[in-house]
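Participant: Have a look at the structure that comes next, please.
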Amino acid sequence: MLCASSIPSDKRRHDQSLNAAEDRYGAEKLIDGEWIASSEVSRNINPSNTNDVVGEYARASANDARAAIAAAKAAFPAWSRSGILERHAILRKTADEILARKDELGKLLSREEGKTLAEGIGETVRAGQIFDFFAGECLRLAGEVLPSARPNIGVEITREPVGVVGIITPWNFPIAIPAWKIAPALCYGNTVVFKPA
């Protein structure tokens, strides 16, 4: 699955994308806020019960990657200039959604990874906590002023968006590791193209 969503300031469109995602467990790619069918689909099999097909996932093409990158580039100017309260609200809503659905998502994760149910739910909770932490960081965006060894020279550190962040994550922690990468990227005003293992 390849995801790039321009998180629009049009909250209605953003909410529609979130609601549409609730009924999907693969088989389509999210690019520029739209679910795109894939010509190539693979099955996701539970490694601890090979008769259990957890779902299907879309395989992305080079054209899909180009479209995702283009969407993220197009979204970057508006997102990087968005206010800290807007970013906070979106990351907070993401955290709330993950935590509210921790049992459902944790069960899916457990089936997908062959982990114990407690590990699946625990990882899901951790992902929600990561989004919650970075929602708070949106409100604490600040630089640092450090002493310099040279007289009359100041050292100031600022955090500024750099652009589109490409994120490819491994299979072993499929919700926590993406959260560790996606949440800070969005918090600091970057857009994201995400490709899970």
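Participant: Could you run through the range 171-196 and say how many residues are surrounded by 11 or more Cβ atoms within 10 Å (Cβ to Cβ) and farther than 18 Å from residue 98 by Cβ? Spell out the reasoning first.
Facilitator: We begin by selecting, within the range 171-196, every residue surrounded by 11 or more Cβ atoms within 10 Å (Cβ to Cβ); these are 172-196.
Right, trim to farther than 18 Å from residue 98 by Cβ and you get 172, 188-191, 193, 195.
So the count comes out to 7.
Participant: Also: Looking at (1) surrounded by fewer than 16 Cβ atoms within 10 Å (Cβ to Cβ); (2) closer than 23 Å to residue 192 by Cα, which is the one condition that is false for residue 150?
Facilitator: Status for residue 150: all satisfied but (2).
Participant: As an exercise: evaluate residue 153 against (1) assigned to a loop (DSSP other than H, G, I, E, B); (2) under 13 Å from the mean Cα position of the chain (by Cα) and give the number of the one condition it does not meet.
Facilitator: If we test residue 153 against (1) assigned to a loop (DSSP other than H, G, I, E, B); (2) under 13 Å from the mean Cα position of the chain (by Cα), just (2) comes out false.
Participant: Okay, moving on. Among the candidates 134, 173, single out the residue that is modelled with pLDDT of 90 or more and not in a loop (DSSP other than H, G, I, E, B). Talk me through it step by step, then tell me what you get.
Facilitator: Numbers: 173 fails: not in a loop (DSSP other than H, G, I, E, B).
Result of the check over 134, 173: 134.
Participant: A further question on this structure: When only residues in the range 120-147 that are surrounded by 20 or more Cβ atoms within 10 Å (Cβ to Cβ) and not hydrophobic (A, V, I, L, M, F, W, C) count, which is farthest from the chain's Cα centre (by Cα)?
Facilitator: So in the range 120-147, the residues surrounded by 20 or more Cβ atoms within 10 Å (Cβ to Cβ) come out as 120, 123-124, 127-128, 130-131, 134-135, 138.
Okay, now just the ones that are also not hydrophobic (A, V, I, L, M, F, W, C), so 120, 123-124, 128.
Working: 120: 18, 123: 15, 124: 13, 128: 11 Å.
The residue in question is 120.
Participant: So which pairs qualify, if the first residue must be in the range 67-87 and among the charged types (D, E, K, R), the second must be loosely packed, with under 15 Cβ neighbours inside 10 Å and at pLDDT 95 or above, the Cβ gap must be under 8 Å, and the two must be at least 6 apart or on different chains?
Facilitator: Sorted first by the residue in the range 67-87, then by its partner, the pairs are 73/163.
Participant: Also, I was wondering about something else. Test residue 168 against the criterion of being buried (at least 17 other Cβ atoms within 10 Å of the Cβ) and closer than 30 Å to residue 52 by Cα, and give yes or no.
Facilitator: Details: buried (at least 17 other Cβ atoms within 10 Å of the Cβ): no; closer than 30 Å to residue 52 by Cα: yes.
So residue 168 fails the test.
Participant: Same structure again: Return a yes/no flag: does the range 103-119 have any residue that is without any contact (Cβ under 8 Å) to a residue 40 or more places away in the chain, polar (S, T, N, Q), within 15 Å of residue 174 (Cα to Cα) and surrounded by 19 or more Cβ atoms within 10 Å (Cβ to Cβ). Spell out the reasoning first.
Facilitator: Initial filter on the range 103-119 (without any contact (Cβ under 8 Å) to a residue 40 or more places away in the chain): 103-104, 106-107, 110, 115-119.
When the remaining residues are screened for being polar (S, T, N, Q), the result is 110, 116.
In the following step, the residues that additionally are within 15 Å of residue 174 (Cα to Cα) were identified as 110, 116.
Next cut, surrounded by 19 or more Cβ atoms within 10 Å (Cβ to Cβ) only: 110.
Yes: the range 103-119 contains one or more residues that are without any contact (Cβ under 8 Å) to a residue 40 or more places away in the chain, polar (S, T, N, Q), within 15 Å of residue 174 (Cα to Cα) and surrounded by 19 or more Cβ atoms within 10 Å (Cβ to Cβ).
The values are calculated or read from the model by the stated rules, or taken from the named source; none is laboratory data. Note that the structure is predicted; figures quoted are calculated from it, not measured. We place every Cβ from the backbone using ideal geometry, glycine too, and count neighbours over all the protein chains shown.
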